[in-house]
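Encoded as C-alpha cells, the structure appears first; notes follow it.
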Amino acid sequence: MAEFLGYVRPNGTVGTRNWVLVVPGGFLAAQIASSVSGVRHVNSIDTGSGRTHRDKETLARFLMGLALNPNVASVIIQQDAVNLGTSEIAPEVLADEVAKSGKRVEVILAARQKGTMNALARGIELAQEMVFEASRLRREPVDESHITVGVKCGMSDATSGVAGNPVVGAALDLLVEAGGSVLFGETTEVIGAEHIVARRARNADVAKAFLEMVEITEARSKAVGEDIRGTNPGPVNIAGGLSTLEEKSLGAIHKVGTSPLMGVLRYAERPSSSGLHFMDSWQTYSSILPGFAASGATLTIFQLGGGTLPAGAVLSPSPAVVTPLIWSTGNPQTSRNCRSSIDFSSSGILEGRETIQQAGARLHRLLLDIASGTLTRCEPLAYVAPVMPYMLDIPF
C-alpha cells in the first residue's frame, strides 16, 4: 500500500491541504480571505431566507461538510446583517458541530462587534492567528486509504470514453483497492447507462436507491416539458464526436473504474464507509465539485474532453472551496491547447505510446504526489469560482 504526506486531524481524518475556512459567503468572508493568505471562503453563495425547510437543511449540510473537510485546519463562522438567518444554519449550531471534530472554531457576529467593520477587523485578527497556528502543523506519512477523490467529466468528446475516462477509472481502482474512497455524481449523466451502474451495487437496496434517484431526476425534467434524452448530448459534445446520450453516459461511467458501488448519497452527504459512492447532483462543475468537498473529498479530478477549446485556453481553479482540482484529459489537442492548465494527459493512449493500465498507474502516482503537497497547475491562480449548491435534494 502506497503512502502520502498528509495533515492528521484530531478526529483521525487526513487532509491534503491545510487551510483556514470562513463560512458562509458574503462581504465579511471575502474581505477576510483577501486580507490573510491561507484562508479559503465561499464565493457567491445565496444563504438568504425564503427557502423550504429541506433546502435549508441541504445548505446547512453543505456548509457543515465544508467546515469538516479534512483539508480545513480551523474555521471562522461569521454573520453579517443578512446571512445565516435561520435556525438550521445558526452560527452556534454550526460551531458546536465543528467543535466536536476537535478543530478550532470561532464565531464572529456583526451585531456583537457593533458593526460590520469591527467584525471585519476581528475576523482578520482571528484568521491571521489561525493561519499561524496551522503553519506549525507538519505533514506525516499515512497510507492512501485516507484519500477521498471526487471525480467529474465534462466537455466530453470521442476521446473521453476510449482514453481519458478509462484511465481515470484505472487510477481510482488502485485507490479503492488500497482502501481509499471515490465519489461520483451528475445524476443526469448516468441516464442511459444506469442499469450498468446498478449491476455493480453491493446489494439490492443500493441498486434500488440508485435507480430511484435516476428515475426521480428524469421525471422532474419531463414534468417541466424537457426530455434529458433529447437535449443531451449538447452542441459541444456533438462537435466532439458524440451522437447520443447513451454513448455519452457509457463513456462517462468509465471514469469510476470497476469497483462495487457501496452506496448512494444526498448532495453534500458524507459516506459511512470507504469505496465508491454516488452523490446526487446536477452537472455543473460549480455545483458538483463543492458538493464532493462537502462530502469529504480531499482531492477532485475533472476529466476533460475539450476538443473544441481554443489554443492557449486557461482553465479555472477549483470551485470546490477547500479541495484542489486536477485537470485531466485524454485528448491530444486539449493537452496541447491547455498546456498551462492540464495536470495529467493520457493522450498517449490514442497515439499508441501507452496502455490504459500504464497511464492509470501514472495518474495514481500523481494523485499521491498532489495529496502530499505538490500544487495543481491552476491552484496558484488567485480566483475564487462561484458556488451553486444543489438544492433539488432527493429525500430518502
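Taking the C-alpha atoms only, the angle from helix 116-135 to the longest principal axis of the chain is near 60 degrees. Placing one identical point scatterer on every Cα of the chain and ignoring solvent, what is log10 I(q)/I(0) from the Debye formula at q = 0.13 Å⁻¹? Values returned for q = 0.13 Å⁻¹ are -1.07. Straight Cα distances below 22 angstrom link residue 222 to the lysines 208, 248, with same-chain residues fewer than 8 positions distant left out. Taking N as the residue count of region 143-371, its C-alpha radius of gyration divided by 2.2 N^0.38 Å amounts to 0.94. Taking Cα atoms only, the orientation of helix 165-177 departs from the longest principal axis of the chain by about 60 degrees. In terms of other Cβ atoms within 10 Å, 27, 4, 344 run from fewest to most in the order 27, 4, 344. Magnitude of the charge dipole for the chain, about its Cα centre and with charges confined to Cβ atoms of Lys, Arg (+1) and Asp, Glu (-1), is about 580 debye. Sorting 19, 282 from the fewest to the most surrounding beta carbons within 10 angstrom yields 282, 19. Loop sites by DSSP among the GluC sites (Glu not before Pro) of the chain, restricted to those with at most 15 other Cβ atoms within 10 angstrom, leave 1-225 as the longest stretch without any of them. Across region 259-396, Cα pairs under 8 Å and at least six residues apart give a relative contact order of 25 percent. Charge tally around residue 330: other residues with Cβ under 14 Å, Lys/Arg +1 each, Asp/Glu -1 each, net 0. Using only the alpha-carbon atoms, how far is helix 356-371 inclined from the longest principal axis of the chain? Give it as 0 to 90 degrees, nearest 10. Long axis of 356-371 versus the principal axis of the chain: about 10 degrees. Here the contact order of the chain, divided by its residue count and restricted to Cα pairs under 8 Å and six or more residues apart, works out to 22 percent. Ranking of 130, 388 by neighbouring Cβ atoms within 10 Å, starting from the fewest: 388, 130. Rounded if a/c is under 1.5, else prolate if a/b beats b/c, else oblate: with a ≥ b ≥ c from the C-alpha gyration tensor eigenvalues square-rooted, which is region 19-136? Cα axes put region 19-136 in the oblate bin. If you bin all the Cα-Cα distances of region 327-385 at 5 Å, starting from zero, the percentages per bin are 4, 18, 24, 23, 19, 8, 4, 1.
Of all DSSP-defined beta bridges confined to the chain, some 15% are antiparallel rather than parallel. Among residues other than residue 168 with Cβ under 13 Å from its Cβ, the summed charge is +1 (Lys and Arg +1, Asp and Glu -1).
Quick note: the coordinates plus some simple rules give every number you see, no bench work behind them. Worth saying up front: this structure is predicted, and the values here are computed from it rather than measured. We place every Cβ from the backbone using ideal geometry, glycine too, and count neighbours over all the protein chains shown.
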